[in-house]
Amino acid sequence: MSAILDKSYLAIKKAIKSALPKSQKIKLHEWIVRKRLEKNKLKPHVPPELCFSLTSICNAKCTFCAYTYVDTPKEIMKFDVFKKAIDDYTSLGGQAINLTPLTGEVLVDPHLFEKIGYAKGTEKIKKVGFATNAILLNRFDNYKKIIDANVDWMQISSPGFDDEAYKRVYQTNQYENILAGIKNMLEYKKETKSPIEIFVILRVDRHFEDVVKDEGYKQLLPYIEEKLIEIKMDKEYHLSMDSWCDQITDDKLTGLMFVKPVTTEKPLIPCTRMIWNLSVLPRGDVRVCSCRYYETEYDDMVVGNLKEESLGEILTGKKWQKMLSDIIKENKWPTACKNCSYYGPMGVDQ
């Protein structure tokens, strides 16, 4: 019987890639996922990148973020929790970590560089990076510490390079400080010949043609031309905002920003993030998604706690498996998934 299923699987996998109508492809995709679950072959993987919410505290109030509307406690991950997560992850072969909080600013963590030092010091973690709003780059020479810590990549979230844009979209008056911090970091990167990849993701409420007219952009242009920093442009991404499970609405956004539509009718296929995308929360809770949450990150997507189990035990635990089974068999989704616009069905081989 198993051999027959395997042959059917291969045939259907081929059919999914064919010119069949989309509705039929979805049905075939659902069939494969269901059969893999029944054969106990649908299991979470050791993530290629483990995410950490080092803090749930932020120093900006971005209009497109749920930070100001959620009930998650304001806290910072203790070092022993971080160490346990790193030790467990590397014992499973993990090599990359992302220190970007779900809602928070990583540079708020006063022990950030101690944690990075520990991860890098294991010599098993090969890649470390995070996203930041750059408000604290200049504080305590953080821009130097990031480069000296051999951080591999840093993403800067920005509404453009203009004081009014920061006040309007990020609701902060720290623009001059942010620009100075970025420029100082780029000069230090150049001086030290650091290989760190620094790039800006625009979250703007106007056309890019207007952003390039910003005085701050003009000041960064020489660094862009030297390839010390990259400004990443994606019209759909930098104007369209996720609703954060209906917590963000169009009336909360400014300018040309809009909330992208959500498809509530999902196929009976778990999101790829449920297989690959783990997040360790400040208290040691392990959450299946590091992307979005509704009201609190301590929700029904938490599948274990590192103070009680190892990461390996959580990966093979019944709670995670039940979450996948509930979706496939009963169309029962976690709360945050119901109105999430970032849903992407797992592939047939995941």
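Each reported figure results from applying straightforward, stated rules to the coordinates on display, with no laboratory input. Just so we're clear, the structure is a prediction, and the values are computed from it rather than from any experiment. Using ideal geometry, Cβ is built from the backbone for each residue, glycine included, and neighbour counts are taken over all protein chains shown.
Taking the helices alone, the chain has a mean residue ellipticity at 222 nm of -10500 deg cm²/dmol, built from -39,500 (n - 2.57) per DSSP H run of at least 4 residues and averaged over all its residues.
Principal-axis analysis of the Cα atoms of the chain puts helix 318-330 at an angle of about 70° to the longest axis.
When the P(r) of the range 183-286 is calculated, the portion above 17 Å amounts to 70% of the C-alpha pairs.
The C-alpha radius of gyration of the chain, expressed as a fraction of 2.2 N^0.38 Å, stands at 1.06. The alpha-carbon of Lys84 sits under 19 angstrom from the alpha-carbons of these aspartates and glutamates, leaving out residues fewer than 8 places away in its chain: Glu49, Glu75, Asp109, Glu114, Glu123, Asp285, Glu308, Glu309, Glu313. The angle separating the long axis of helix 112-121 from the principal Cα axis of greatest extent in the chain is about 60 degrees.
Taking a ≥ b ≥ c as the square roots of the eigenvalues of the alpha-carbon gyration tensor, the range 283-350 is classed oblate because a/c is 1.5 or more while a/b is no larger than b/c.
Tilt of helix 22-38 relative to the longest C-alpha principal axis of the chain, in degrees (0 to 90, nearest 10)? Tilt of helix 22-38: around 70 degrees. Would you please classify the overall shape of the range 62-106 from the alpha carbon gyration tensor, given that a ≥ b ≥ c denote the square roots of the eigenvalues, rounded means a/c under 1.5, and beyond that prolate means a/b larger than b/c while oblate covers the rest? Here the range 62-106 falls in the prolate category. Within the listed set Gln155, Gln171, Gln247, the residue fluctuating most in the Gaussian network model of the chain (springs between alpha-carbon atoms under 10 angstrom) is Gln171. Beta bridges per DSSP, both residues in the range 47-350: antiparallel share near 25 percent.
The convex hull around the C-alpha trace of the range 55-205, projected and averaged over every direction, spans 9.0 square nanometres. Taking Cβ atoms as reference points and 15 Å as the exclusive limit, the residues near Tyr223 contribute a net charge of -1, counting Lys and Arg as +1 and Asp and Glu as -1.
What is the Cα radius of gyration of the range 237-350 over 2.2 N^0.38 Å, N being its residue count?
For the range 237-350, the normalised Cα radius of gyration comes out at 1.14.
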